[in-house]
Amino acid sequence: ILKYETENQEPINLFLGTSLIDFFSYFSDIETAKLVFNNLSEKNYLTYTAMINGLAENKNEKEAFELFILMKKMKIIPNAVTYISVLKALINSNDKFNFDNICNEIWSTKTANTTSDHNDN
């Protein structure tokens with residue numbers, strides 16, 4: 001990673017970084033995936049989702065949930081895949097309390113969006 005940045009005289013961009021996180025997570029090299037994630041100067045919902053999913057897939061459920069919380073604190077809005085990834089982590093860790101809270105969050109967001117759609121008419 002450092003070699004790429006040195007040779008190209010630029011940091012790894014968002015798209016390459018997200019792809020590398022997916023790649024290293026897929027091959028269970030979660031430490032390198034975290035290194036890429038932590039060294040990205042820019043992150044978006046796709047980057048967070050890739051890292052959350054990688055952590056969940058590699059038995060780091062607590063860390064996946066903590067990253068999800070950080071993502072929301074950073075005002076980055078999760079998408080459906082993000083929710084699926086964090087719910088998978090919570091199921092695997094038998095964390096029913098936080099699972100229920102996330103389900104309620106999804107439901108209230110869906111309900112709010114549906115209600116606002118009807119109010120636009």
Given 86-92, 57-63, the highest-first ranking by average Cβ count within 10 Å works out to 86-92, 57-63
Please sort 17-23, 70-76 by packing, taking for each peptide the average over its residues of neighbouring beta carbons within 10 angstrom, highest first. 17-23, 70-76
Round to the nearest 10 and report in Å² the accessible area of I69, as given by a 1.4 Å probe over the protein chains' heavy atoms. 60 Å²
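The values are calculated or read from the model by the stated rules, or taken from the named source; none is laboratory data. This one's a predicted model, so the numbers in the text were calculated from it and none came from an experiment. When we count neighbours, we look across all protein chains shown, and the Cβ atoms used for this are built from the backbone with ideal geometry, even at glycine. Surface areas here come from the heavy atoms of the whole protein model, side chains and all, with no ligands, DNA or RNA. Shrake-Rupley method; radii C 1.70, N 1.55, O 1.52, S 1.80 Å.
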